[in-house]
Amino acid sequence: MIAHVSQWVLPVSGPPIRDGAVVVKGDRIAAVGPAAEVLTGFTGLICEHGEGAILPGVVNCHVHLEFSALAGRVPPQERWEDWLEATLAAYGALSPGEIEAGIAQAIEALRQNGAVLVGEVTNTGASWPFLTAGPLAYHLFYECLGFDLLSTFDLPERFPWFGRPEVAGTAWISAAAHAPYSVSAALFRAVAAWNGARSGLQTVHLAESQAEIDFLARGKGFFEGLLQRRGRWVPDFPPPGVSPPAYLDRLEFLGPRTLTVHGTQLTAADCRLLAATQTWLVLCPRANRYTGAGTPPVPDLLKAGVNLALGTDSLAGNWDLNLFGEMLWLHENFPAWPGDLWLRLGTLNGALALRRAQEFGSLTPGKQAALGFIPLKGGQDFWGELFTAGAAGKWRWLG
């Protein structure tokens with residue numbers, strides 16, 4: 001048994017502990033509490049880490065590892081539509097070797113910056129072998145696109161990847177729907193049916209751009225042209241005339257098993273709908289700034305009681321995959337809320353969203369000993385200093 005002792009222990013499931021200790025037995029947490037109590041009668045190894053905080057590994061609920069080779073190749077944009085066009089062009093120019101090298105490097109970077117669990121969204125399955133052989137726990141979402149798939153079908157009929165025995169037999173794999181502007185109603189239903197039969201999670205990009213709002217309202221604009229150029233346009237498409245969340249609710253795609261992502265264009269009514277259906281929303285605020293998508297309505301989301309978690313999106317649309325950067329951005333831009341809220345969104349809430357809270361997300365006896373240490377100097381803004389240090393790469397794994 002090993003006891004890790006620090007000036008602060010941040011269990012997340014409870015308040016911060018001054019002069020705390022975490023006892024680890026094998027690969028599990030055995031005890032958490034004030035050092036004076038936890039170490040009474042303790043005869044194992046004691047590791048003193050000094051000024052700083054011990055906390056659980058973070059949970060990044062939304063990444064696209066296959067875009068990692070685009071790091072530095074797609075600059076920040078003022079218009080989301082320009083970012084999408086640039087990303088599609090740049091990704092099409094990558095070789096398979098570049099894509100695979102980017103995946104491997106991104107997984108290593110995630111681990112070095114404190115990630116223990118990720119929600120990976122893939123279009124090809126290329127990241128799956130790297131995840132199964134790598135250091136991260138994961139949930140893989142295989143993303144489906146098909147705006148022109150109009151008739152009812154079972155998912156493996158159109159997407160043979162889901163018919164592979166090793167896919168059907170893996171608990172940490174789900175089908176994903178890309179977005180309301182790229183997925184037909186029939187495909188949404190096929191994705192939901194496949195996931196529902198396996199009690200699986202599902203994810204979808206939602207209300208990420210004003211162009212998406214306009215397209216669902218009128219069936220015109222940027223996405224009409226994009227779908228035409230890609231051979232996916234449906235000439236007699238009847239726009240639903242409602243917001244993206246209302247449209248997905250009509251398709252029965254919302255609910256506690258669904259992780260929607262981004263939500264920069266959500267209205268207060270949309271927030272209330274997500275809360276009423278217990279749907280998750282994964283915030284990626286720095287990525288939204290990078291791509292020109294806007295800013296999620298965080299106050300409205302919190303007021304409505306929406307289930308929130310955090311992600312970084314991809315290296316085509318963010319400066320890095322360090323989740324502490326998202327926490328720092330939220331802390332700096334929404335100072336009225338306590339800093340421990342952002343830590344919870346990036347740890348325990350993420351584990352709950354991915355249905356892995358029995359293993360990860362907090363320093364709780366019985367959970368995996370996936371914990372790390374961030375050094376601190378004792379400034380007045382504790383949470384700001386913690387997130388700044390984490391964003392600067394000062395995370396150190398313990399054990």
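Find all pairs meeting these conditions: Cβ atoms under 9 angstrom apart; at least six residues apart or on different chains; first residue within region 368-382 and modelled with pLDDT of 95 or more and small (Gly, Ala, Ser); second residue surrounded by fewer than 21 Cβ atoms within 10 Å (Cβ to Cβ) and in a strand (DSSP E or B).
The qualifying pairs are Ala369/Ile2; Ala369/Lys25; Ala369/Arg28; Ala369/Ala30; Ala370/Ala137; Ala370/Trp397; Gly372/Arg396; Gly372/Trp397.
Of the residues Thr132, Thr87, Thr122, which single one is modelled with pLDDT of 95 or more, hydroxyl-bearing (Ser, Thr, Tyr), out of contact with any Leu (no Cβ under 6 Å at 6 or more places or on another chain) and closer than 19 Å to Phe360 by Cα?
Details: Thr87 fails: closer than 19 Å to Phe360 by Cα; Thr122 fails: closer than 19 Å to Phe360 by Cα.
Within the list Thr132, Thr87, Thr122, the selection yields Thr132.
Consider region 72-90. How many of its residues are of a type outside the set (S, T, N, Q) and either in contact with a Cys (Cβ under 7 Å, 6 or more places away or on another chain) or part of a helix (DSSP H, G or I) (or both)? Break it down stepwise before answering.
Step one: filter region 72-90 for residues of a type outside the set (S, T, N, Q), giving 72-76, 78-86, 88-90.
Cutting the leftovers down to either in contact with a Cys (Cβ under 7 Å, 6 or more places away or on another chain) or part of a helix (DSSP H, G or I) (or both) gives us 80-86, 88-90.
The number of residues fulfilling the criteria is 10.
Being among the polar types (S, T, N, Q) and either buried (at least 19 other Cβ atoms within 10 Å of the Cβ) or not assigned by TED's automatic domain parsing to the domain that holds Trp280 (or both) is the filter here; which residues of region 211-231 pass it?
none
For region 364-391, which positions are assigned to a loop (DSSP other than H, G, I, E, B) and within 20 Å of the chain's Cα centre (by Cα)? Don't jump to the end; show me each part of the working.
Taking region 364-391 first, the residues assigned to a loop (DSSP other than H, G, I, E, B) are 364-367, 369-370, 376-381.
Within region 364-391, just Ala370 meets the criteria.
Looking only at region 185-210, count every residue that is surrounded by fewer than 22 Cβ atoms within 10 Å (Cβ to Cβ) and among the small types (Gly, Ala, Ser) and tell me the total.
Qualifying residue count for the region: 7.
Which condition number does Ala357 fail, the rest of (1) within 29 Å of Gly92 (Cβ to Cβ); (2) free of Cβ contacts under 8 Å to residues at least 60 places away in the same chain; (3) aliphatic (A, V, I, L, M) being met?
Among (1) within 29 Å of Gly92 (Cβ to Cβ); (2) free of Cβ contacts under 8 Å to residues at least 60 places away in the same chain; (3) aliphatic (A, V, I, L, M), Ala357 violates only (1).
Run Ala287 past the list (1) part of a helix (DSSP H, G or I); (2) under 20 Å from Gln210 (Cα atoms); (3) over 17 Å from the mean Cα position of the chain (by Cα); (4) of a type outside the set (Val, Ile, Thr) and report the number of the one that doesn't hold.
(3)
Would you confirm whether or not region 159-171 contains a residue that is over 21 Å from the mean Cα position of the chain (by Cα), buried (at least 20 other Cβ atoms within 10 Å of the Cβ), within 30 Å of Lys220 (Cβ to Cβ) and touching a residue at least 12 places away in the same chain (Cβ under 8 Å)?
Yes: region 159-171 contains one or more residues that are over 21 Å from the mean Cα position of the chain (by Cα), buried (at least 20 other Cβ atoms within 10 Å of the Cβ), within 30 Å of Lys220 (Cβ to Cβ) and touching a residue at least 12 places away in the same chain (Cβ under 8 Å).
Does region 8-24 hold any residues that are buried (at least 17 other Cβ atoms within 10 Å of the Cβ), assigned to a strand (DSSP E or B) and not aliphatic (A, V, I, L, M), and which are they?
Across region 8-24, the qualifying residues are Trp8, Gly20.
What's the number of the only condition in (1) assigned to a loop (DSSP other than H, G, I, E, B); (2) in the same structural domain as Val261 (by TED's automatic domain parsing); (3) within 19 Å of Trp8 (Cβ to Cβ) that Asn318 fails to meet?
For Asn318, the exception is condition (3).
Of all residues in region 25-50 being over 33 Å from the mean Cα position of the chain (by Cα), surrounded by fewer than 18 Cβ atoms within 10 Å (Cβ to Cβ) and of a type in the set (A, V, I, L, M), which is farthest from Trp383 (Cα to Cα)? Can you show your working first?
We begin by selecting, within region 25-50, every residue over 33 Å from the mean Cα position of the chain (by Cα); these are 35-46.
Still in the list and also surrounded by fewer than 18 Cβ atoms within 10 Å (Cβ to Cβ): 36-37, 39-46.
Those still in the list that are of a type in the set (A, V, I, L, M) too: 36, 39, 45-46.
On the way: Ala36: 24, Leu39: 27, Leu45: 30, Ile46: 26 Å.
Among them, the one singled out is Leu45.
I'm checking my understanding of the structure. Among residues of region 109-153 that are small (Gly, Ala, Ser) and surrounded by 23 or more Cβ atoms within 10 Å (Cβ to Cβ), which one is farthest from Gln202 (Cα to Cα)? Spell out how you get there, then give the answer.
Just the residues of region 109-153 that are small (Gly, Ala, Ser), to begin with: 109, 114-115, 119, 125-127, 133-134, 137, 146, 151.
From what is left, the residues that are surrounded by 23 or more Cβ atoms within 10 Å (Cβ to Cβ) are 114-115, 119, 127.
On the way: Gly114: 25, Ala115: 21, Gly119: 10, Ser127: 18 Å.
Checked region 109-153; the qualifying residue farthest from Gln202 (Cα to Cα) is Gly114.
The values are calculated or read from the model by the stated rules, or taken from the named source; none is laboratory data. No experiment lies behind these values; they were computed from the predicted model shown. Backbone-built Cβ (ideal geometry, glycine too); neighbour counts: all protein chains shown.
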